[in-house]
Amino acid sequence: MPARFSRRSWRSLTLGLALSGALLLSGCQGLLTTVPDEGFQAAEVESSDGVTGGPQFPSIDESSFEAEVVTGEGDPASELVSSWTLEEKIVSLFLIHISGTSLSDFERTYDDLGVAGFLLLGNNVPGTLERSQEFVGGVRQLGEPELLVAIDQEGGAVERLQPDPFPAPAELGALPLDDTTEATTERNSLVFDVGANVNLGVIADVSPGSDAYIHERSFGTDAAEVADYVSAALDGSVDGVATAVKHFPGHGLTSEDTHETIGESSIALSTWFDEHAPPFLTAVNKRAPLLMFGHLVVPSVDDAPASLSSEWVKLVRQQWGYDGILMTDDLSMLEDSGDDTYQNFSTNALRAVAAGMDLIIDAGGNNRTDAMNRIDEAIATIAQAVDEGGISITQIDASAIRVAKLRYSLGGVSRPFENAEAG
């Protein structure tokens, strides 16, 4: 287990960079928090028969995935990451959950680890919005740049904040598209008003039918129609909240609950392109800031779950041209599956980072100490892989910069409740 490092040693540096970052990013504040112009489109790809059309899966060679580092002179995210140790870079790729509403517990955890942020579940936001605002806003402001504070506010079966009287995704799928944009705007506004800045809220999964676990959370059973609703949902983005689209390559590939088992599908890749890919490609074309990978196995692509698969990452990065953040679903779900292959969190985290994931979610700690020990061990495992050449420092830097850029882009947005408290 590595020695823990205090974040206070570099807070003076990050405070200065945050000030310059706010100036540099003020002109493009909406890039990662609201839907941009429609000018970006994933490149069309020539198929094996020479016909140019929809995206095709890349030919996979033996070389490892190498992420491009996007830097620039005066870029605060790049400058910040360049000032960090290897361990600080690695831990900045983790979004973790700890229970309760003690701000001091979250502050101690952040000071000891330096994670990118926290995933808030029901036990973190009990009661009314007003009761949670001071705590959630306090968590977000523990770091500079501000931490990522993520909440699942899909609506219906998965919602952490109340009141949310708006239709669930399955209901919205039978209503005009404008209703989806309105409902998503209201839900993102709830996330913003409570003080969080990431909504893990847009379901791009195409349901295979009414008996499927994902059915009530999905917009529908037709890929083209679901793609339209995903587009409408992304039109409901608000400043100060980054929206995640999930669960790539599609929870509709299985009828089972991947919180309890690893879903597997024998689907052919060509069929996947037709029946499950369109909503995710729509999200890529609209430059959704985060794309969440699920724990789904498609042997025609890779024997590993998508969340640990460089093959799926290559498709999204190289063929679709996605330049946002790739994040895992909660990795502790792999342990809960009971599959012996995935019972070690550190090994799972290593596989995810090696595959090209930028942001790793872990809600597997039973308490604060357990959560910290899990991350400590993962840091040591990944750092050893970097030192031994199994993962390039270039790839770690690229992911850390992407996450830091997102954190900078979400700062500086006026929050009336917090401003009133401060004044």
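The residues packed around Ala304, meaning those with a beta-carbon under 12 Å from its beta-carbon, carry a net charge of -4 if Lys and Arg are +1 and Asp and Glu are -1.
Charge tally around Asn344: other residues with Cβ under 12 Å, Lys/Arg +1 each, Asp/Glu -1 each, net -2.
When both segment 239-300 and segment 141-181 are represented by their alpha-carbon centers, they are found 18 Å apart. Rg/Rh, computed from the Cα trace of segment 83-422 with Rh as the Kirkwood radius, has the value 0.94. Within a straight-line Cα-Cα reach of under 17 Å, Lys89 can be paired with the following lysines, leaving aside sequence neighbours fewer than 8 residues apart in one chain: Lys405. Peptide packing: for 106-117, 381-392, the average count of neighbouring Cβ atoms within 10 Å per residue gives the ranking 106-117, 381-392, highest mean first. In straight-distance terms, cross-link reach from Lys314 covers every one of the lysines whose alpha-carbon lies under 20 Å from its own, apart from those fewer than eight places away in the same chain; here that gives Lys246, Lys286. A simple count of charges around Asp105, restricted to other residues whose Cβ falls under 14 Å of its Cβ and scoring Lys, Arg +1 and Asp, Glu -1, yields -2.
Put in line by how crowded their Cβ is, counting other Cβ atoms within 10 Å and starting with the fewest, Asp397, Asp370 read Asp370, Asp397.
Going by neighbour counts of Cβ atoms within 10 Å, the residues Phe219, Phe166, Phe293 line up, fewest first, as Phe166, Phe293, Phe219.
Any read-out appearing in this document is the output of simple, stated calculations on the displayed coordinates, not a laboratory observation. Computed from a predicted structure; not experimentally measured. Neighbour counts run over all protein chains shown; Cβ positions are idealised from the backbone, glycine included.
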